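Worksheet: one structure, shown below.
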């Protein structure tokens, strides 16, 4: 039911660099690949895009998804 409601939608997520936020992003990308996520990340010493790559996408939580999809498909999904 949730998958059908969110398919094709755009969702803005705050707090995605934290533990729960990262888990939420991984779960959404794995179970609903047709959803578009907008991650609201503040820049600090690093730019926001650097923080997304370093603190979210390189997180161990994404290992199974990256392995399942392959690096090329994972990169396409997360750009």
Those residues of the stretch 1-18 which are surrounded by 11 or more Cβ atoms within 10 Å (Cβ to Cβ) and not in a strand (DSSP E or B), in sequence order
3, 6, 7, 9, 15, 16, 17, 18
It is to be established whether one or more residues within the stretch 62-75 are on the phi < 0 side of the Ramachandran plot, touching a residue at least 24 places away in the same chain (Cβ under 8 Å), assigned to a helix (DSSP H, G or I) and under 12 Å from the mean Cα position of the chain (by Cα).
yes
So which residues in the stretch 47-58 are at pLDDT 90 or above and in a loop (DSSP other than H, G, I, E, B), if there are any at all?
47
So how many residues does the stretch 19-39 have that are farther than 18 Å from residue 60 by Cβ and not in a strand (DSSP E or B)?
5
Find the residue count for the stretch 62-79, including only residues that are surrounded by 15 or more Cβ atoms within 10 Å (Cβ to Cβ) and under 13 Å from residue 23 (Cβ atoms).
2
Given (1) surrounded by 10 or more Cβ atoms within 10 Å (Cβ to Cβ); (2) modelled with pLDDT of 90 or more; (3) out of contact with any helix residue (DSSP H, G or I) (no Cβ under 6 Å at 6 or more places or on another chain); (4) not in a helix (DSSP H, G or I), number of the condition residue 42 does not satisfy:
(1)
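The values are calculated or read from the model by the stated rules, or taken from the named source; none is laboratory data. Every value quoted in this text rests on a predicted model; they were computed, and no experiment measured them. We place every Cβ from the backbone using ideal geometry, glycine too, and count neighbours over all the protein chains shown.
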